[in-house]
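Below is one structure; the comments refer to it alone.
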Number of protein chains: 2
Amino acid sequence: MTSVLFRRIAVAARACFLALPLLGVILIASPARAFVEGVETFDLDNGMQVVVIPDRRAPVVTHMVWYRVGAADEPIGQAGIAHFLEHLLFKGTKNNPDGAFSKYIASVGGQENAFTSSDYTAYFQRVAKEHLGDMMRFEADRMANLILTEAVVDPERDVVIEERKSRTDNNPGAQMSEALSAALWFEHPYGRPVIGWMNEIENLTLEHAISFYDRYYTPNNAILIVAGDVTTDEVRRLAEETYGKVERRAETPPRMRAEEPVHRTHRMVRLQSPLVTQASMMRTYVVPSYTTAHNNGAGWEGEALDLFAELAIRGSTSALYQKLVVEEKIAVSIGGYYRGSALDDTELAIFATPAPDVSLGELEAAIDRELAAFLDSEIAEEDLARVKRSVLAGAIYAQDSQQTLARVFGIALTTGGTVERVLAWPDRVRAVTAEQILEVGRKYLLKTRSATGYLVPPTPPRS
Amino acid sequence: MTSVLFRRIAVAARACFLALPLLGVILIASPARAFVEGVETFDLDNGMQVVVIPDRRAPVVTHMVWYRVGAADEPIGQAGIAHFLEHLLFKGTKNNPDGAFSKYIASVGGQENAFTSSDYTAYFQRVAKEHLGDMMRFEADRMANLILTEAVVDPERDVVIEERKSRTDNNPGAQMSEALSAALWFEHPYGRPVIGWMNEIENLTLEHAISFYDRYYTPNNAILIVAGDVTTDEVRRLAEETYGKVERRAETPPRMRAEEPVHRTHRMVRLQSPLVTQASMMRTYVVPSYTTAHNNGAGWEGEALDLFAELAIRGSTSALYQKLVVEEKIAVSIGGYYRGSALDDTELAIFATPAPDVSLGELEAAIDRELAAFLDSEIAEEDLARVKRSVLAGAIYAQDSQQTLARVFGIALTTGGTVERVLAWPDRVRAVTAEQILEVGRKYLLKTRSATGYLVPPTPPRS
């Protein structure tokens, strides 16, 4: 799966921020770990889903609209249109031209942001609670009334082209990550970068933008999430007055993506660049997501993969870190993640940096050896209890941030999850057994399901 | 680019023959090398193109219909539908049910065959000249009147599933080749196997078949090629009476395929299998085809790549063979090809088998070293003259086979070429300079444009 493209906006100087899974610099959206009281959900008459998350610690609200569309839903040849349209949402509407929405947010001391991933596109604001109705009015307005003309689209395409140049085309880690995804996924669009391939971005047109907007930016394809010092009744009243007035422009679009064929080969991607000063490697595996595990009747597999990642590869207490960094000193760093929140099968990744005298080939062989040893061993009761505490603590910490909490629900609901399944997630984690963790590891951590990326400096210490 | 799926049919026991670019067993459709007198071409009123190739050595004709559609034109999620439909064309029409066409061909002592590639689908018969009109009547009939029902489609899907199992799923070389293509091509459908991925073949439906047939099997998307003891006037009269009566069912379908992004990484695919007894490797590069070179205003690049392949990698006189097999004895075999006939950018491949004590890594490094040495050297006048003779001789030899000659035109016309460009091919080969050959090699034989496949036995001699 490709990365989430984040977007940070300031009125004067708009600075874009990106969370790309670069080798060694991984920033992942938190999986659905929230465990929170009083969450309520309902639908408006036009099919728009609403989720209210009470959080009364301060008189502020986080207001988010999520669309069930991302880069993996893009038509062939239009890679990047989801992210491009996200840019265009900031240009203006007939009622609120020239970035009036952003100016208003700044004038009331609020914050805003937007992001596009393979599975979703989302827009959010954080403001004092009395401005919630205004946020809804502006956001509902740009759901239906966006001005899309050549005059808007053409210069913004150049902005995206520059964005891609600076984020990817001058960054060997990003290039490697992109090529690794393309090699990991044969057919599924998770193999495509969220920002799009340059050659396709250059060919994106006004017509593409209009067609994508009309097909996907319809209230029945959107989810409103409000977290903060509000009641469900307040949210319902405000939402009906604003979003409730937006007409459906299309039926709920199906999310049909090409399925992966059976993988039988290990794939490898190698990038050597003068911009690389430190060799590093990344291994990715195709594994079930929470959603595909659930749909396959093995709903525990997602949580077992979470715990597998925590035990084997994630953080300095993991088996691989302890063995290869602390004990054998083959690696100077090692880490990984499981990206459980995805509509389709997803990625589990391991990344590592070798010690000065160790080649990437030696490091990779050591990782394979230690993974095999881990899957052959038994998991001690106290280790299982420890990682469950650690994983569940993540859900507790998430509640400290109103925005993180809201995002957990937004991500879950746009990737095939439900509010109920998010709330039951801690119970599912607690129920996972040591045997299940080893079982998912043995079942999915196969080299034939994986791809390895090497990022190599111009003259490697050992070739 | 993926392979051509051939189809050989006998009435009693239909035996399918496959030319897959397996590691070490490569069988390639001849590039457009014919140089022949008296070829004429014209269009019927419904837009069907006709090519007549006189060949009066025997009273026989080769009758072919080519459709400008192949696996690279398939809708997402329907990989294999082009080849599946080719199978269904043999089932029967209202007028000629139950394989009546094939029975008739057998009854007059004729031969027939069909094949599907990424870019084209073709049907042909070789019969005594007096049966040409009958061939046209049958073939025109199945262009328009094919019976497509569940009763026809369902059992044939099982036939294709079995075909895939026997050709690919039990053959590590085929699996490797498939995975290598998928890794070489990030976006372009040449990365998909012509026969389709098993998971998509299993989901092909009657509706898919009807929709593909109605969209592509229309006379304006077809080319009739008749080679043999006939005149253009005879062919025109017979074609107007048969194909000329077939109505257009659709506008000429556009052939819009996703373009490749810029490649920046070398990719590698590794398959270890107990079915492999001898390690081998294959390297593929994305290079221009005759058509893309022509469209880019560098029409000589295709012919220069042909000559590069002949000089450097093809056959036992090539530089790599002489150095690595004969002189250094690092490899027991080495070869390659340039597949110039393709609608879009295409593949140049090198394959090699290491000597007993040589690892694939050592062999690959030696190949890279010798390729670099070749591109750094000068091409001697006599070597250039020799390979031009050799390449041009291929065109002369092609004329010995009526069927090969007809195929050269069919392939060219379904991959963006013209009769004129086929006829001028020898002149373009003669005009290529030594400097142009080195230039295309240096420009396109970059590791970042390539993928390498390793086929490895269970316990390799050296790991």
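Do we have residue B:119 as over 29 Å from residue B:196 (Cα atoms) and away from chain A (no Cβ under 14 Å) here? In short, no. Filtered by the rule that a residue be β-branched (Val, Ile, Thr) and either over 18 Å from residue A:378 (Cα atoms) or surrounded by fewer than 17 Cβ atoms within 10 Å (Cβ to Cβ) (or both), the stretch A:426-438 gives A:429, A:433. For the stretch B:259-277, what are the residues that are out of contact with any His (no Cβ under 8 Å at 6 or more places or on another chain) and within 7 Å of chain A (Cβ to nearest Cβ)? Correct list: B:261, B:262, B:264, B:265, B:266, B:267, B:268.
Please work out which residue is surrounded by the most Cβ atoms within 10 Å (Cβ to Cβ), limiting yourself to the stretch B:309-363 and to residues that are charged (D, E, K, R) and without any contact (Cβ under 8 Å) to a residue 60 or more places away in the chain. Before the answer, list the steps.
Here is the first cut: in the stretch B:309-363, the residues charged (D, E, K, R) are B:310, B:314, B:323, B:327-329, B:339, B:344-345, B:347, B:357, B:362.
Pick out the ones that are also without any contact (Cβ under 8 Å) to a residue 60 or more places away in the chain and you get B:314, B:323, B:327-329, B:362.
Values: B:314: 23, B:323: 19, B:327: 9, B:328: 13, B:329: 12, B:362: 14.
Among those that are charged (D, E, K, R) and without any contact (Cβ under 8 Å) to a residue 60 or more places away in the chain, it is B:314.
Tell me whether the stretch A:160-170 contains one or more residues that are within 14 Å of chain B (Cβ to nearest Cβ), buried (at least 22 other Cβ atoms within 10 Å of the Cβ), in contact with a strand residue (DSSP E or B) (Cβ under 6 Å, 6 or more places away or on another chain) and not small (Gly, Ala, Ser). No; the residues of the stretch A:160-170 include none that is within 14 Å of chain B (Cβ to nearest Cβ), buried (at least 22 other Cβ atoms within 10 Å of the Cβ), in contact with a strand residue (DSSP E or B) (Cβ under 6 Å, 6 or more places away or on another chain) and not small (Gly, Ala, Ser). Pairs are defined by a Cβ separation below 6 Å, a sequence spacing of at least 6 or placement on different chains, a first member in the stretch A:444-463 that is assigned to a loop (DSSP other than H, G, I, E, B) and among the hydroxyl-bearing types (Ser, Thr, Tyr), and a second member that is at pLDDT below 95 and surrounded by 14 or more Cβ atoms within 10 Å (Cβ to Cβ); no pair meets this definition. Counting only residues that are surrounded by fewer than 23 Cβ atoms within 10 Å (Cβ to Cβ), aliphatic (A, V, I, L, M) and within 9 Å of another protein chain (Cβ to nearest Cβ), the stretch B:439-456 holds 0 of them. The number of residues in the stretch A:278-314 that are within 14 Å of chain B (Cβ to nearest Cβ) and of a type in the set (D, E, K, R) comes to 1. The number of residues in the stretch A:193-202 being at the interface with chain B (Cβ under 9 Å from one of its Cβ atoms) and either in contact with a helix residue (DSSP H, G or I) (Cβ under 6 Å, 6 or more places away or on another chain) or free of Cβ contacts under 8 Å to residues at least 40 places away in the same chain (or both) comes to 3. Are any of the residues in the stretch B:57-75 in contact with a Lys or Arg (Cβ under 9 Å, 6 or more places away or on another chain), at positive phi and at pLDDT below 95? No. Being among the small types (Gly, Ala, Ser) and not in a strand (DSSP E or B) holds for only one residue in A:72, A:114, and it is A:72. Residues in the stretch B:238-249 that are part of a loop (DSSP other than H, G, I, E, B) and either within 14 Å of chain A (Cβ to nearest Cβ) or basic (Lys, Arg) (or both): B:248, B:249. Checking each residue in the stretch B:205-218 for being buried (at least 18 other Cβ atoms within 10 Å of the Cβ) and farther than 16 Å from residue B:255 by Cα picks out B:208, B:209.
Okay, residues lined up against (1) outside any helix (DSSP H, G or I); (2) of a type in the set (Ser, Thr, Tyr):
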position	(1), (2)
B:286	yes, no
B:304	no, no
B:324	no, no
B:337	yes, yes
B:342	yes, no
B:349	yes, no
B:356	yes, no
B:368	no, no
B:371	no, no
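Number of residues in the stretch A:203-222 that are under 18 Å from residue B:188 (Cβ atoms) and more than 10 Å from every other protein chain (Cβ to nearest Cβ): the value is 0.
Yes or no: residue B:233 in the same structural domain as residue B:177 (by TED's automatic domain parsing) and modelled with pLDDT under 95? No, not satisfied.
Of the helices (runs of 4 or more DSSP H) lying entirely inside the stretch B:144-237, those carrying at least 2 residues that are of a type in the set (Asp, Glu) and under 25 Å from the mean Cα position of the chain (by Cα) are B:150-164.
Scanning for something assigned to a helix (DSSP H, G or I) and free of Cβ contacts under 8 Å to residues at least 40 places away in the same chain, does the stretch A:402-423 turn up at least one residue? For the stretch A:402-423, residues assigned to a helix (DSSP H, G or I) and free of Cβ contacts under 8 Å to residues at least 40 places away in the same chain: present. Please determine whether any residue of the stretch B:76-83 is touching a helix residue (DSSP H, G or I) at 6+ places or on another chain (Cβ under 9 Å), on the phi > 0 side of the Ramachandran plot and within 14 Å of another protein chain (Cβ to nearest Cβ). Yes, the stretch B:76-83 contains at least one residue that is touching a helix residue (DSSP H, G or I) at 6+ places or on another chain (Cβ under 9 Å), on the phi > 0 side of the Ramachandran plot and within 14 Å of another protein chain (Cβ to nearest Cβ). Check the stretch A:176-184 and report whether any residue there is surrounded by 21 or more Cβ atoms within 10 Å (Cβ to Cβ), farther than 18 Å from residue A:351 by Cα and in contact with a Pro (Cβ under 8 Å, 6 or more places away or on another chain). Looking for residues that are surrounded by 21 or more Cβ atoms within 10 Å (Cβ to Cβ), farther than 18 Å from residue A:351 by Cα and in contact with a Pro (Cβ under 8 Å, 6 or more places away or on another chain), one finds none in the stretch A:176-184, hence no. Exactly one residue out of B:231, B:252 is more than 30 Å from residue B:285 (Cβ to Cβ), away from chain A (no Cβ under 14 Å), surrounded by fewer than 21 Cβ atoms within 10 Å (Cβ to Cβ) and in contact with a helix residue (DSSP H, G or I) (Cβ under 9 Å, 6 or more places away or on another chain), and it is B:252.
The values are calculated or read from the model by the stated rules, or taken from the named source; none is laboratory data. These figures come from a predicted structure and were not determined experimentally. Ideal geometry is used to build each Cβ from the backbone, glycine not excepted, and the neighbour counts take in all protein chains shown.
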